[in-house]
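Comments concern the structure below.
The values are calculated or read from the model by the stated rules, or taken from the named source; none is laboratory data. Quantities reported herein were computed from a predicted structural model and do not represent experimental measurements. As a convention, Cβ positions derive from the backbone with ideal geometry for all residues, glycine included, and neighbour counts pool all protein chains shown. Note: accessible area is taken over every heavy atom of the protein model, side chains too, but ligands, DNA and RNA are not part of it. Shrake-Rupley method; radii C 1.70, N 1.55, O 1.52, S 1.80 Å.
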Amino acid sequence: MNTEIKVWDWSIRVFHWSLPVLLFLLWFSATQSENFDALEHHMLLAQILMGLLVYRIIWGFIGTPAARFSRFITGPAAWWRYACALLKRQPLHYLGHNPLGGLMVVVLLGALGFQLLTGLFTTDDILFSGPLVNSADRDTVRWMSGWHRRFFDWILILVALHLVAIAVYKLLGEALVKAMITGRKPLDETAPDKRALQAEASFPWVRFAIALILSVGSVGYIFYF
């Protein structure tokens, strides 16, 4: 167990640690509703978050092994088996996301996507309007605006569940925070995903460039065209 294996590439780690920073800054700027500069910052931060989210989704299909959705999206049967093993304190040690961790990734990405989508149609009728407000009818804008203001609380609940899970795994001997900092985890020969997560010889820069261009382009198209 002293041998370590590279699991998380640097772009996944940048994405992961950027999220809490951006969520805090987005929340703080949203609380300064009378400050036009703060709303401008909110819009800019939302663009950065959207770019990162689009990148993560694309990287989930063409990225490094541990980042790919096909490696960790399972189904109810796998979630149930893993949950039962976890309650018995006998969970299998995955190198990448375990079944419940993979489910949480999908839920968090979906929640962030919904928050960003509603923000595109949100307006306060005074200082701020999302880039797609004029493309929707008044009822849709009102519905989206209401959900954009309320849904952030649900994201905070998901974040809290994520933190609880990190603490539980720490008690079980898995240092998830350290792994997301270094990108490496102790090699467990019994890990179900050991073979699937064999690290690539080098970082796939061409695929990274494609994902980056598509993510930046999508944000630019929505906000500026």
Lysine pairs within the chain, Cα separation less than 13 Å, 8 or more sequence positions apart or different chains: 5
Size of electric dipole in the chain: Cβ of Lys, Arg +1 and of Asp, Glu -1, about Cα centre, debye, nearest 20: 960 debye
Ranked order, GLU174, GLU40, GLU34, GLU200 - accessible area, probe 1.4 Å, largest first: GLU34, GLU40, GLU200, GLU174
Kirkwood hydrodynamic radius (C-alpha pairs) into Stokes-Einstein, region 1-121, 10 °C and 1.306 mPa s, D in µm²/s: 97 µm²/s
Accessible area of HIS97 in the full protein assembly, 1.4 Å probe (Å², nearest 10): 50 Å²
Net charge, TRP59 excluded, C-beta distance under 15 Å - Lys, Arg +1, Asp, Glu -1: +3
With DNA, RNA and ligands ignored, accessible area of TRP10 (1.4 Å probe; Å², nearest 10): 90 Å²
Sorted largest first, extent of region 91-162 alpha carbons per principal axis (Å): 53, 21, 18
Under-5 Å amide H pairs with THR64, H placed in peptide plane, nonlocal only: none
Probe 1.4 Å, accessible area per residue of the chain, Å²: 59 Å²
Relative contact order of the chain, pairs being alpha-carbon contacts under 8 Å that are 6 or more residues apart, as %: 34 percent
Helix runs (DSSP H) in the chain reaching 30 Å along axis by Cα, Kyte-Doolittle at least 1.0: 10-31, 36-62, 99-120
Accessible heavy-atom area order of SER70, SER215, highest first, probe of 1.4 Å: SER70, SER215
Net charge of Cβ neighbours under 15 Å - reference LYS170; Lys, Arg +1; Asp, Glu -1: +2
Built amide H within the under 5 Å cut-off of GLU4, gap 5+: LEU187
Where LEU112, LEU87 fall by accessible area, highest first, once all protein chains stay in place (1.4 Å): LEU87, LEU112
Residue-level accessible surface for ARG71, protein heavy atoms, 1.4 Å, Å²: 100 Å²
At 0.890 mPa s and 25 °C, Stokes diffusion of region 128-225 via Kirkwood alpha-carbon radius, µm² per second: 133 µm²/s
Selected from LEU44, ALA211, THR64, residue furthest toward positive end of dipole (the chain; charges at beta carbon): THR64
Dimensions (Å) - the chain, Cα atoms, principal axes, largest first: 59, 40, 29
Carbon plus sulfur fraction of accessible area for region 71-225, probe 1.4 Å, in percent: 68 percent
At q = 0.12, 0.14, 0.15, 0.18 Å⁻¹, base-10 log of I(q)/I(0) for region 5-75 (Debye sum, equal scatterers on each alpha carbon): -0.42, -0.54, -0.59, -0.73
